[in-house]
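**Q** Could you have a look at this structure, given as structure tokens, before my questions?
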Amino acid sequence: MGSSCLLLLLRGVVLALLLSVSLVQGEDSYKYYTWTVTYGTLSPLGTPQQVILINGQFPGPQLDLVTNDNVVLNLVNKLDEPFLLTWNGIKQRKNSWQDGVLGTNCPVPPNANYTYKFQAKDQIGTYTYFPSTSLHKAAGGFGGLNVYHRSVIPVPYPYPDGDFTLLIGDWYKTNHKSLRESLDSGNSLAFPDGLLINGQAHTTVNGDQGKTYMFRISNVGMSTSINFRIQGHTLKLVEIEGSHTLQNVYDTLDVHVGQSATVLVTLNQPPKDYYIVASTRFSRKMFTATAVLHYSNSNSPASGPLPSPPIHQYHWSVKQARTYRWNLTANAARPNPQGSYHYGEITPTKTIVLSNSASLINGKLRYTVNKVSYVNPDTPLKLADYFNIPGIYSVDSLQSLPSDNTPSSVATSVVPTDLHDFIEVVFQNNENTTQSWHLDGYDFWVVGYGFGEWTPAKRRTYNLVDALTRHTAQVYPNAWTGILVSLDNQGMWNLRSAMWERQYLGQQLYLRVWTSERSLANEYDIPDNVLLCGKAVGQNNNL
């Protein structure tokens, strides 16, 4: 009796082990890629021009991952200039070494390679990647990056019948090197020449009548907000930049530079073709790009007038943005409600007010944050920090409150913070154009929008219950946007304008999220294959 029970127990243990092994193998834990970056000639707006290709593709290959996948991606640079990719919205938990911006990484030299190693840790959602160097973004090199849920974590909507990624953005016919020369000489860029959807002025999406499809919409442009709509169809919003939302239904959506949104669209109309439309917002000149939603049983082409954009401008857009709410009962990438962290009950340890402006410095146009225009040193800040190289950056050049009496200056500005600080950041925009701000390494709660000058009394208008978390926030003209950030990810993190002309000419800074305790529980070691440049050349990686 005892031996038979033991045998059954052993069989049970073996069966459990086999099941656990099969479950582990059922999820792709590592994905390997080799991407080669080259120039090519295409005509996105009808005029032949030089573009940046990845593995011969424009836009670049779509990176489809599952939550917690580990990415090993060998980037081979065949351009004539140093090059980096950044992974827009991927948090790089404990791993700012892989962030792919000049404050953390040396660029990959021509005819050289670098292997990124990072994990899509505890994320589900729609993201993008793009070049962070030398205005390369104006030539391409961008692509979609989608993180799907693990099979054991349900999502708060029925699985769609298909999945479409739409990369929408403004585009210049002018070569990116000429655009860069214009900025370097002190001139602003002209208005873009048009809009593209997935690198084309026209494209087609195919679906079956009666089925529901997921549309992943990302604004990959340089400077222009867009409005998205589909003729005869509504958009059910389900996710924004990694956060499941309350599933409100919209006719049109504003998507600002650097932002992503995911909607479900049911093909419930008569069988024909319908226009998918993106148009520029808040600009004197309006560009429109169209695609076609083709029903598989369609009996006629798309026809009729294009669906109209919103009649109203900023107040309409603010009102819509305030309807984006966090779904507090939805699972996150781990099996707990994504709203279980009660951000609204925490007192911030620090408030930082950041005011953007345009300035003339030494007779040339620069863009500033609190009157400081950022300059990239030849040594990445992350390497300077690790190797204790002095004189690379300044922690006291940028004040936490703007002052009109401060002269404009240039500096490599870093804001020092402590690991596990909980900070309030207010973006104050006293200019007449819409701004867009992005923070690497984090998502943050967008708790408030308002017109005029922010004051502490404006906190009474904050949403401290179900504000959305995201990585990029718009700031309307002569207005402010307030965010709250839990600094739980050690590293050197870029806080930048997503308007790429402004980023290039200085509208950025870094947050140094730090603790004196050196522990793998807080941050990974320096990569074995780290590229060294500037004053870090010759340093010992094994400190």
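**Q** Does residue 482 qualify as being under 17 Å from residue 351 (Cα atoms), in contact with a strand residue (DSSP E or B) (Cβ under 7 Å, 6 or more places away or on another chain), surrounded by 24 or more Cβ atoms within 10 Å (Cβ to Cβ) and not assigned by the TED database to the domain that holds residue 255?
**A** On the way: under 17 Å from residue 351 (Cα atoms): yes; in contact with a strand residue (DSSP E or B) (Cβ under 7 Å, 6 or more places away or on another chain): yes; surrounded by 24 or more Cβ atoms within 10 Å (Cβ to Cβ): yes; not assigned by the TED database to the domain that holds residue 255: yes.
When the stated conditions are applied, residue 482 passes them.
**Q** Got a sec? Which strands (runs of 3 or more DSSP E) wholly within segment 415-476 have at least 2 residues that are among the aliphatic types (A, V, I, L, M)? Reasoning before the result, please.
**A** On the way: elements: 422-429, 435-439, 444-451, 472-475.
Because the criterion is at least 2 residues that are among the aliphatic types (A, V, I, L, M), the strands (runs of 3 or more DSSP E) in segment 415-476 that meet it are 422-429, 444-451, 472-475.
**Q** For segment 186-203, how many residues are outside any strand (DSSP E or B) and open to solvent by less than 60 Å² (accessible area, probe 1.4 Å)?
**A** 6
**Q** Further question: From the set of residues in segment 252-269 that are hydrophobic (A, V, I, L, M, F, W, C) and assigned to a loop (DSSP other than H, G, I, E, B), which is nearest to residue 475 (Cα to Cα)?
**A** So, considering only residues that are hydrophobic (A, V, I, L, M, F, W, C) and assigned to a loop (DSSP other than H, G, I, E, B), the one nearest to residue 475 (Cα to Cα) is 257.
**Q** Okay, next question. For segment 378-388, name all the residues that are in a loop (DSSP other than H, G, I, E, B) and surrounded by 18 or more Cβ atoms within 10 Å (Cβ to Cβ). If you could, list the steps in order and put the result at the bottom.
**A** If we filter segment 378-388 for residues that are in a loop (DSSP other than H, G, I, E, B), which is where we start, we get 378-380, 388.
Hits for segment 378-388 are 379, 380.
**Q** Residues to consider are 369, 353, 395; find the one that is open to solvent by less than 30 Å² (accessible area, probe 1.4 Å), over 15 Å from residue 496 (Cβ atoms) and of a type in the set (A, V, I, L, M).
**A** Step by step, each of 369, 353, 395 is checked, and only 353 is open to solvent by less than 30 Å² (accessible area, probe 1.4 Å), over 15 Å from residue 496 (Cβ atoms) and of a type in the set (A, V, I, L, M).
**Q** For segment 264-315, which residues satisfy the criterion of being free of Cβ contacts under 8 Å to residues at least 60 places away in the same chain, β-branched (Val, Ile, Thr) and either open to solvent by less than 60 Å² (accessible area, probe 1.4 Å) or closer than 21 Å to residue 218 by Cβ (or both)?
**A** 265, 266, 277
**Q** Evaluate the following for residue 506: is it in the same structural domain as residue 418 (by the TED database), open to solvent by less than 10 Å² (accessible area, probe 1.4 Å) and out of contact with any helix residue (DSSP H, G or I) (no Cβ under 9 Å at 6 or more places or on another chain)?
**A** So residue 506 fits the description; yes.
**Q** Something else now. Being surrounded by fewer than 24 Cβ atoms within 10 Å (Cβ to Cβ), at pLDDT 95 or above, within 16 Å of the chain's Cα centre (by Cα) and not in a strand (DSSP E or B), is that true of even one residue in segment 69-86?
**A** Step one: filter segment 69-86 for residues surrounded by fewer than 24 Cβ atoms within 10 Å (Cβ to Cβ), giving 69-82.
From what's left, at pLDDT 95 or above: 69-82.
Next cut, within 16 Å of the chain's Cα centre (by Cα) only: none.
Checked against the condition, which is being surrounded by fewer than 24 Cβ atoms within 10 Å (Cβ to Cβ), at pLDDT 95 or above, within 16 Å of the chain's Cα centre (by Cα) and not in a strand (DSSP E or B), segment 69-86 yields no hits at all.
**Q** Continuing with the same structure: Of all the residues that make up segment 230-284, how many are over 19 Å from residue 162 (Cα atoms) and among the basic types (Lys, Arg)?
**A** Residues that pass the stated criteria total 2.
**Q** Check 420, 471 and return the single one that is closer than 23 Å to residue 340 by Cβ, in contact (Cβ under 8 Å) with a residue 24 or more places away in the chain and open to solvent by 20 Å² or more (accessible area, probe 1.4 Å).
**A** 420
Condition check ((1) at pLDDT below 95; (2) in a loop (DSSP other than H, G, I, E, B); (3) closer than 30 Å to residue 529 by Cα) across all residues:
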position	(1), (2), (3)
312	yes, yes, no
316	no, no, no
320	no, no, no
328	no, yes, no
341	yes, yes, no
348	no, yes, no
366	no, no, no
410	no, no, no
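**Q** Being small (Gly, Ala, Ser) and open to solvent by 10 Å² or more (accessible area, probe 1.4 Å) narrows it down to one residue among 519, 497; which is it?
**A** 519
**Q** Let me ask you something else. What number goes with the only condition from (1) modelled with pLDDT of 95 or more; (2) more than 23 Å from the chain's Cα centre (by Cα) that residue 154 does not pass?
**A** (1)
**Q** Using the structure shown, decide if residue 403 is closer than 16 Å to residue 497 by Cβ and either open to solvent by 60 Å² or more (accessible area, probe 1.4 Å) or out of contact with any Asp or Glu (no Cβ under 9 Å at 6 or more places or on another chain) (or both). Spell out the reasoning first.
**A** Working: closer than 16 Å to residue 497 by Cβ: no; either open to solvent by 60 Å² or more (accessible area, probe 1.4 Å) or out of contact with any Asp or Glu (no Cβ under 9 Å at 6 or more places or on another chain) (or both): yes.
Judged against the criteria, residue 403 is not a match.
**Q** Another one. Is there a residue in segment 493-512 that is of a type in the set (Ser, Thr, Tyr), assigned to a loop (DSSP other than H, G, I, E, B) and in contact (Cβ under 8 Å) with a residue 12 or more places away in the chain?
**A** The answer is no, given that none of the residues of segment 493-512 is of a type in the set (Ser, Thr, Tyr), assigned to a loop (DSSP other than H, G, I, E, B) and in contact (Cβ under 8 Å) with a residue 12 or more places away in the chain.
The values are calculated or read from the model by the stated rules, or taken from the named source; none is laboratory data. What you see is a predicted model; the values in this text were computed from it and never measured. In this analysis, Cβ positions are derived from the backbone assuming ideal geometry, glycine residues included, and neighbour counts consider all displayed protein chains. Just so you know, the surface numbers come from the protein's heavy atoms only, side chains and all, with ligands and any DNA or RNA stripped out. Shrake-Rupley method; radii C 1.70, N 1.55, O 1.52, S 1.80 Å.
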